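Worksheet for the structure shown next.
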Amino acid sequence: MLFCIVCMYVYMCDELRKEEYICLIMKKIGVVLVRGLILLFSKLPLKWLYAVGGVFSWFAYKVFHYRESVVITNLARSFPELRCWELDDIAAAFYRHLGDMIAEAVWFGGSGYERIRKQRLCTIMNPEVLNEAFETTPGVVLLNSHCGNWEIMGGFCMYNYDDKHPNPYVEDDMYVVYKQQSSGVMDEVLKRNRINCKPDYQGLIESSQILRSVLKNKNNRSIYICNSDQHPYVGRFYLGEFLNQPTYAMKGVVGVAHKMNMSVVYMRMVHKARGSYEISFVKLCDDASEHNPEDIVRMYYKELEKEIRETPHNWLWSHKRWK
């Protein structure tokens, strides 16, 4: 009798949460399947994955026309001085690069530090700029963008091969700010992929929690890495023209740097050739509290536009930046 009562109670509770349980189970299954595929394909040499990525990008562009209208519209409005065939060339180069980025992200998802060092996928050109900012200020906000391949930044500390300027920071001094994905499966897969080199890494911060995390960690000198070129989703302000288009932006983590007297540095990630990125740093300010946060954001976008114009295929043109 008692057993029947307990079973009925459990059944009633489960019935109330049935949809929640189903969603949770489906999410776990999806994560295991996708992550398993990534780990399987990551064992291949990177050049083989590039070949697979090339096929994928061709289908995405020529067969499925993945966001082709968004890409062409963004390019045409950003570069009104270019002819149609020049825009087509940039679009084709972008889709090839997109395939390479996916290949690199998959390869990274199953690679350890030694494999990453041997590949030398990224080279830091001026590590002393970030090193100095870290050593001489209360903390650093490092603004990167959707240039290069932001999905392979989990091995960031290992990309400095310059013995003259060894890193004064380690992985636990670095925090990565991210925006939660709408898909629970992809959100979990991407998070695991990004911290593959250090599965116990605790430095991923959802963007809505950045101020709380910085305040909690205020007694420790740290670096906060943040993609800051997306469409603003909170606290937007009018930036001015960016790539020939009226653009809104958000202060985001720059506002936090302003409150905490932190320095702000821009990170360039230039795609030089397949399998080769050059990372360099541009200091925007030593003490963000001495500047208007909106002015610092404008400095960031000025550097970003310069980088995009130098290597136009290297930015994420399929992103709906101007909604």
- Message: Out of the residues in the range 67-88 meeting the condition of being exposed (fewer than 14 other Cβ atoms within 10 Å of the Cβ) and of a type in the set (Asp, Glu), tell me which one is nearest to Leu316 (Cα to Cα).
- Response: Asp88
- Message: Just to be sure I understand the filter: pairs with C-beta atoms under 7 Å, separated by 6 or more residues or on different chains, first member in the range 287-314 and more than 19 Å from Pro246 (Cβ to Cβ) and in contact (Cβ under 8 Å) with a residue 60 or more places away in the chain, second member of a type in the set (Val, Ile, Thr) and in a helix (DSSP H, G or I). Which pairs pass?
- Response: Ala288/Val254; Ala288/Ile296; Pro312/Ile90; His313/Ile90
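Could we say that Ser182 is over 16 Å from the mean Cα position of the chain (by Cα) and small (Gly, Ala, Ser) here?
Working: over 16 Å from the mean Cα position of the chain (by Cα): no; small (Gly, Ala, Ser): yes.
Judged against the criteria, Ser182 is not a match.
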- Task: Give just the number: which of (1) part of a strand (DSSP E or B); (2) touching a residue at least 24 places away in the same chain (Cβ under 8 Å) does Val254 not satisfy?
- Result: (1)
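Would you please name the residue that is farthest from Val141 (Cα to Cα), looking only at residues in the range 115-131 that are of a type in the set (A, V, I, L, M, F, W, C) and either over 20 Å from the mean Cα position of the chain (by Cα) or surrounded by fewer than 16 Cβ atoms within 10 Å (Cβ to Cβ) (or both)? Write out each step before concluding.
Here is the first cut: in the range 115-131, the residues of a type in the set (A, V, I, L, M, F, W, C) are 116, 121-122, 124-125, 129-130.
Now drop any that are not either over 20 Å from the mean Cα position of the chain (by Cα) or surrounded by fewer than 16 Cβ atoms within 10 Å (Cβ to Cβ) (or both), which leaves 125, 129.
Values: Met125: 19, Val129: 13 Å.
Among those residues, the one meeting the criterion is Met125.
Any residue that is under 18 Å from Met267 (Cα atoms), part of a strand (DSSP E or B) and either basic (Lys, Arg) or in contact (Cβ under 8 Å) with a residue 24 or more places away in the chain (or both) - is there at least one of those in the range 203-221?
no
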- Message: Just checking, does the range 69-80 include any residue being at pLDDT 95 or above, assigned to a loop (DSSP other than H, G, I, E, B) and either within 21 Å of His271 (Cβ to Cβ) or more than 24 Å from the chain's Cα centre (by Cα) (or both)?
- Response: yes
- From the residues in the range 233-292 that are surrounded by 15 or more Cβ atoms within 10 Å (Cβ to Cβ) and among the polar types (S, T, N, Q), which one is farthest from Tyr159 (Cα to Cα)? Thr247
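Going by the structure shown, is Leu211 aliphatic (A, V, I, L, M), over 22 Å from Glu303 (Cβ atoms) and within 16 Å of the chain's Cα centre (by Cα)? Give the steps one after another, and end with the answer.
Values: aliphatic (A, V, I, L, M): yes; over 22 Å from Glu303 (Cβ atoms): yes; within 16 Å of the chain's Cα centre (by Cα): no.
No; evaluated as a whole, the condition is false for this residue.
With the structure loaded, tell me whether Glu151 is part of a helix (DSSP H, G or I), charged (D, E, K, R) and buried (at least 20 other Cβ atoms within 10 Å of the Cβ) or whether it fails that test.
Values: part of a helix (DSSP H, G or I): yes; charged (D, E, K, R): yes; buried (at least 20 other Cβ atoms within 10 Å of the Cβ): no.
When the stated conditions are applied, Glu151 does not pass them.
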- Query: Can you tell me which of Tyr301, Tyr266, Tyr248 is in contact with a Leu (Cβ under 7 Å, 6 or more places away or on another chain) and under 23 Å from Asn167 (Cβ atoms)?
  - Reply: Tyr266
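Just one of Phe94, Phe108, Phe64 is of a type in the set (A, V, I, L, M, F, W, C), surrounded by fewer than 15 Cβ atoms within 10 Å (Cβ to Cβ) and more than 24 Å from Val297 (Cβ to Cβ); which is it?
Numbers: Phe94 fails: surrounded by fewer than 15 Cβ atoms within 10 Å (Cβ to Cβ); Phe108 fails: surrounded by fewer than 15 Cβ atoms within 10 Å (Cβ to Cβ).
Within the list Phe94, Phe108, Phe64, the selection yields Phe64.
Out of the residues in the range 222-238 that are under 24 Å from Glu188 (Cα atoms) and not in a strand (DSSP E or B), which is farthest from the chain's Cα centre (by Cα)? Break it down into steps so the answer makes sense when it comes.
Residues of the range 222-238 under 24 Å from Glu188 (Cα atoms): 223-234.
Among the residues that remain, those that are also not in a strand (DSSP E or B) are: 228-234.
Values: Ser228: 9, Asp229: 10, Gln230: 10, His231: 14, Pro232: 15, Tyr233: 16, Val234: 18 Å.
So the residue we want is Val234.
Test of understanding: among Glu303, Glu278, Glu307, Glu241, which residue is among the acidic types (Asp, Glu), touching a Phe, Trp or Tyr at 6+ places or on another chain (Cβ under 7 Å) and not in a loop (DSSP other than H, G, I, E, B)? Give the steps one after another, and end with the answer.
Working: Glu278 fails: touching a Phe, Trp or Tyr at 6+ places or on another chain (Cβ under 7 Å); Glu307 fails: touching a Phe, Trp or Tyr at 6+ places or on another chain (Cβ under 7 Å); Glu241 fails: touching a Phe, Trp or Tyr at 6+ places or on another chain (Cβ under 7 Å).
Only one candidate passes the filter, namely Glu303.
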- The correct count of residues that are buried (at least 16 other Cβ atoms within 10 Å of the Cβ) and modelled with pLDDT under 90 in the range 14-54 is 5
- Inside the range 172-202, can you point out the residues that are surrounded by 15 or more Cβ atoms within 10 Å (Cβ to Cβ) and under 18 Å from Val214 (Cβ atoms)? Asp173, Met174, Tyr175, Val176, Val177, Tyr178, Tyr201
- Message: Can you find a residue that is of a type in the set (Asp, Glu) and modelled with pLDDT of 95 or more anywhere in the range 213-231?
- Response: no
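The values are calculated or read from the model by the stated rules, or taken from the named source; none is laboratory data. All of these numbers come straight from a predicted model, not from anything done at the bench. We place every Cβ from the backbone using ideal geometry, glycine too, and count neighbours over all the protein chains shown.
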